[in-house]
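First the structure, in the form of structure tokens, and then the observations on it.
The values are calculated or read from the model by the stated rules, or taken from the named source; none is laboratory data. Every value quoted in this text rests on a predicted model; they were computed, and no experiment measured them. Ideal geometry is used to build each Cβ from the backbone, glycine not excepted, and the neighbour counts take in all protein chains shown.
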Amino acid sequence: MLRRFLDDGAEVAGVDPDQLGIGVDEVVRAPGDLRVRGIEHASRLPGARDLVYGIHVLEHVVDPHPALRSSWELLRPGGRASFITPAGDSTGVERYGAARWMLEDPTHVRFFSADSLARAAAKAGFVDIRVRRLLLDSLSVDAASPARAVRPGPRPRGVLGSRPVLAAAVASVPVVVGQRLVSPRSRPTLQLIARRP
């Protein structure tokens, strides 16, 4: 993703507690300001940014308020933030409970409802806040959650390490997309889009 931004002429910077320390494209690493630390420390990156973009980040932080405020501080006035995170208020939570695939990752410590995500962004100082339920994100959750419900227990490679579960996820895409079109609350992912005034 950072390479695409760089190729489009943007300056790139990023923080991540572990992923930016391994296997980063050298074309990105050379000009990019990449730091191995949590999002709570993003405001320590120099300069004002046009965009802060986080994909499946907020569910990993113990306290989302410093993370969102740090992102707000990093933006120039008028700059935008976009975060994608699992929906804690999706119908999958009600249907699968502890078997929900998003709970397989032990580093997921927090989930948001659409309302709580919007309130957290407002508390951080953001305005023009929109929270959308994404149609096509995490398509495998609709096959992985039933598989975890039918056969609970640890799997060293995760439930999607099973070829039959992965095949079921691929085969079920048309049905899953249809269900999500009819019932938006079945979409397992939220996207926060907000602006610094």
Just a yes or no: is a residue in region 42-51 touching a Gly at 6+ places or on another chain (Cβ under 9 Å) and at pLDDT 90 or above? yes
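For every residue, the table says whether it meets (1) touching a Pro at 6+ places or on another chain (Cβ under 9 Å); (2) closer than 19 Å to His60 by Cβ; (3) small (Gly, Ala, Ser).
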{"site": "Leu2", "(1), (2), (3)": "no, yes, no"}
{"site": "Asp8", "(1), (2), (3)": "no, no, no"}
{"site": "Glu11", "(1), (2), (3)": "yes, no, no"}
{"site": "Gly14", "(1), (2), (3)": "no, yes, yes"}
{"site": "Val28", "(1), (2), (3)": "no, no, no"}
{"site": "Asp33", "(1), (2), (3)": "yes, no, no"}
{"site": "Ile39", "(1), (2), (3)": "yes, yes, no"}
For region 142-159, check the following and say yes or no: at least one residue is touching a Leu at 6+ places or on another chain (Cβ under 7 Å) and part of a helix (DSSP H, G or I). yes
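For (1) at pLDDT below 90; (2) farther than 24 Å from Val61 by Cβ, each residue gets a yes or a no:
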residue	(1), (2)
Lys123	no, no
Phe126	no, no
Arg133	no, no
Gly158	yes, no
Ala171	no, yes
Val177	no, yes
Does Pro77 satisfy the condition of being assigned by TED's automatic domain parsing to the domain that holds Leu190, surrounded by 15 or more Cβ atoms within 10 Å (Cβ to Cβ) and of a type outside the set (A, V, I, L, M, F, W, C)? no
Matching option when the condition is on the phi < 0 side of the Ramachandran plot, in contact with a helix residue (DSSP H, G or I) (Cβ under 9 Å, 6 or more places away or on another chain) and in contact (Cβ under 8 Å) with a residue 40 or more places away in the chain, among Ser90, Ser70, Ser82: Ser90
Test Ser71 against the stated conditions and say whether it is more than 13 Å from the chain's Cα centre (by Cα) and surrounded by 22 or more Cβ atoms within 10 Å (Cβ to Cβ). yes
Among Ser90, Ser113, Ser172, which is the only one that is within 24 Å of Tyr53 (Cβ to Cβ) and touching an Asp or Glu at 6+ places or on another chain (Cβ under 7 Å)? Ser113
Which of the residues that make up region 175-197 are more than 17 Å from Pro86 (Cβ to Cβ), small (Gly, Ala, Ser) and either in contact with an Asp or Glu (Cβ under 6 Å, 6 or more places away or on another chain) or assigned to a helix (DSSP H, G or I) (or both)? Gly178
Going by the conditions given, is Ser186 hydroxyl-bearing (Ser, Thr, Tyr), surrounded by 15 or more Cβ atoms within 10 Å (Cβ to Cβ), over 22 Å from Pro106 (Cα atoms) and touching a residue at least 40 places away in the same chain (Cβ under 8 Å)? yes
By residue number, the members of region 108-141 that are surrounded by fewer than 15 Cβ atoms within 10 Å (Cβ to Cβ), acidic (Asp, Glu) and on the phi < 0 side of the Ramachandran plot are Asp115
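Rundown of residues vs (1) of a type in the set (Asp, Glu); (2) surrounded by 12 or more Cβ atoms within 10 Å (Cβ to Cβ); (3) under 19 Å from Gly97 (Cβ atoms), yes/no style:
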residue	(1), (2), (3)
Ser145	no, yes, yes
Ser162	no, yes, no
Gly178	no, no, no
Val182	no, no, no
Would a scan of region 30-45 turn up a residue that is acidic (Asp, Glu) and in contact with a helix residue (DSSP H, G or I) (Cβ under 6 Å, 6 or more places away or on another chain)? yes
